[in-house]
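Comments concern the structure below.
The values are calculated or read from the model by the stated rules, or taken from the named source; none is laboratory data. Here the structure is a predicted model, which is why all the values come from computation and not from measurement. Reconstructed Cβ throughout: ideal geometry from the backbone, glycine too, with neighbour counts over all protein chains shown.
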Amino acid sequence: MKKTLVAVAAMAAVTGAMADATIYGVIDQTYNTAKTTLSGSVISNKTGFGAYQMGQSLLGVKGSEDLGNGMKASYLYEFGLQTETTAAPTNRQSFVGLSGGFGSIRIGKQYSQAFNNSAAADPLGATGSPGALYLAAMTGYNGTEAPLRQDRGIQYDLPSFVPGLNVTLTKVLGNANSAPTNSSSTTETNNIKTGDGTGVAISYASGPFYAGYTTDTVTNTGINFGTNDDSIAQTSIAAAVPATSNTIVAASATNKNKINTTTLSYDLGMAKVSYNTGKMSVGSQYLSSNLFGVSIPMGAATLLASSSTGKVETTSTDYTLKGSQYGVNYAMSKRTTAYWHTGSLTASVVGSTVQKKVTGYGIGLMHAF
């Protein structure tokens, strides 16, 4: 990562402060395959290049300014890049913040604490071949990026009074129209505050041990499997679900969408083991997942593996989910990694012979700067 210090002369003359900016990025290119079968018959078989095995290619800038009196201002803007095509960049994160003795606050689009906590258990890094089932609860409230990334979010980190203990509060505004349904109505629509959410995250890290718990609620949103696509962007959970729609639980005007995640990990030196459990529910309908992960360093190479199980219960159809991932990362330098990842994801309709399975692998090269 290359850091460029930018001195702002006028600011320094007035306040004596300095502002800095860090330009950073990732370029990741992968040869991928993805095969989908439905009850044993091949319905899709794709190969091509992608950029999701080690995290999407990206370009960002971040920095901070010393405001004096123990306070700092900070910012970050990060683009997602489709380096294998001519697609336009997308906004991954964009927020501004303040920190000091009161803790720290960030305002804007940013990763949710639920995702950060869950991804901490994933040895393959939350992208790559299919099989990490916790992503099923991270692929969208009715098609949005949340709760993976949250638009219009405010995250507040409380001051740390116990070494290693961190508490973060989150508030998300959905910007829904709260006007009456028509000019003569005195009753607001059921969609009032749609997408508004609150959350609490608690984590503790001490040496090789990490434990984290998050709980979030979102108003009037359903449960969604994300984009119904079995393309070589292989993190799609919907690709393995034998459903006609990727929205598996409709939004409710009476029950909030609730998501809870718990992660435990321990670095033994010769291996790091991890566990994550998560559940997203709307009333009695829910999607749950469990993941066990292990990473084993062997010199420049690191062996990676995870095993996942999950369950979906709705008023109409229930599913059982099963996933696995394997891979090896080879560090050619501190910034360049060659890798091979493979995985599979199976969804079975309870009480039926219908079963859909997605398998795939990727061979690629990633450079971070």
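Results for (1) in contact (Cβ under 8 Å) with a residue 24 or more places away in the chain; (2) more than 20 Å from the chain's Cα centre (by Cα), shown as yes or no for each residue.
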residue: Leu67; (1), (2): yes, yes
residue: Ala73; (1), (2): yes, yes
residue: Tyr77; (1), (2): no, no
residue: Gly80; (1), (2): yes, no
residue: Thr83; (1), (2): yes, yes
residue: Leu98; (1), (2): yes, yes
residue: Ser112; (1), (2): yes, no
residue: Ala119; (1), (2): no, no
residue: Pro123; (1), (2): yes, no
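Looking at (1) surrounded by fewer than 23 Cβ atoms within 10 Å (Cβ to Cβ); (2) assigned to a strand (DSSP E or B), which is the one condition that is false for Ser316?
Of everything listed in (1) surrounded by fewer than 23 Cβ atoms within 10 Å (Cβ to Cβ); (2) assigned to a strand (DSSP E or B), Ser316 misses just condition (2).
Does Ile259 meet the test of being modelled with pLDDT of 95 or more, among the aliphatic types (A, V, I, L, M) and within 19 Å of the chain's Cα centre (by Cα)?
So Ile259 passes the test.
Please determine whether any residue of the stretch 152-170 is in contact with an Asp or Glu (Cβ under 6 Å, 6 or more places away or on another chain) and modelled with pLDDT of 90 or more.
Yes, that holds for at least one residue.
So if I check each of Ser44, Ser57, which one is under 30 Å from Thr346 (Cα atoms), modelled with pLDDT under 95 and touching a helix residue (DSSP H, G or I) at 6+ places or on another chain (Cβ under 9 Å)?
Of the residues listed, the single one that is under 30 Å from Thr346 (Cα atoms), modelled with pLDDT under 95 and touching a helix residue (DSSP H, G or I) at 6+ places or on another chain (Cβ under 9 Å) is Ser44.
When you scan the stretch 230-245, do you find a residue that is under 18 Å from the mean Cα position of the chain (by Cα), modelled with pLDDT of 70 or more and not aliphatic (A, V, I, L, M), even just one?
No; the residues of the stretch 230-245 include none that is under 18 Å from the mean Cα position of the chain (by Cα), modelled with pLDDT of 70 or more and not aliphatic (A, V, I, L, M).
Would you check which residues across the stretch 205-220 are of a type in the set (Ser, Thr, Tyr), touching a Lys or Arg at 6+ places or on another chain (Cβ under 9 Å) and buried (at least 20 other Cβ atoms within 10 Å of the Cβ) and list them?
Once the filter is applied, which keeps residues that are of a type in the set (Ser, Thr, Tyr), touching a Lys or Arg at 6+ places or on another chain (Cβ under 9 Å) and buried (at least 20 other Cβ atoms within 10 Å of the Cβ), the stretch 205-220 yields only Thr219.
Can you name the number of the only condition in (1) surrounded by fewer than 19 Cβ atoms within 10 Å (Cβ to Cβ); (2) assigned to a strand (DSSP E or B); (3) of a type in the set (S, T, N, Q) that Thr86 fails?
Here Thr86 clears every test but (2).
Based on what the data block shows, is Lys72 in contact with an Asp or Glu (Cβ under 8 Å, 6 or more places away or on another chain), under 25 Å from Thr214 (Cβ atoms), in a strand (DSSP E or B) and at pLDDT 95 or above?
no
Which one is surrounded by the most Cβ atoms within 10 Å (Cβ to Cβ), of the residues in the stretch 89-120 that are part of a strand (DSSP E or B) and among the hydrophobic types (A, V, I, L, M, F, W, C)?
Phe95
Could you please give the count of residues in the stretch 121-134 that are closer than 24 Å to Asn91 by Cβ and out of contact with any Leu (no Cβ under 8 Å at 6 or more places or on another chain)?
3
Which condition does Phe102 not pass, out of (1) within 15 Å of Gly278 (Cβ to Cβ); (2) at pLDDT 95 or above; (3) out of contact with any strand residue (DSSP E or B) (no Cβ under 8 Å at 6 or more places or on another chain), if it passes all the others?
Tallying (1) within 15 Å of Gly278 (Cβ to Cβ); (2) at pLDDT 95 or above; (3) out of contact with any strand residue (DSSP E or B) (no Cβ under 8 Å at 6 or more places or on another chain), Phe102 fails exactly one: (1).
For the stretch 334-354, how many residues meet the condition of being of a type in the set (Ser, Thr, Tyr), surrounded by fewer than 15 Cβ atoms within 10 Å (Cβ to Cβ) and touching a strand residue (DSSP E or B) at 6+ places or on another chain (Cβ under 9 Å)?
Residues flagged as of a type in the set (Ser, Thr, Tyr), surrounded by fewer than 15 Cβ atoms within 10 Å (Cβ to Cβ) and touching a strand residue (DSSP E or B) at 6+ places or on another chain (Cβ under 9 Å) within the stretch 334-354 amount to 1.
So, in the stretch 271-297, exactly how many residues are in contact with a strand residue (DSSP E or B) (Cβ under 7 Å, 6 or more places away or on another chain) and assigned to a loop (DSSP other than H, G, I, E, B)?
Count: 1.
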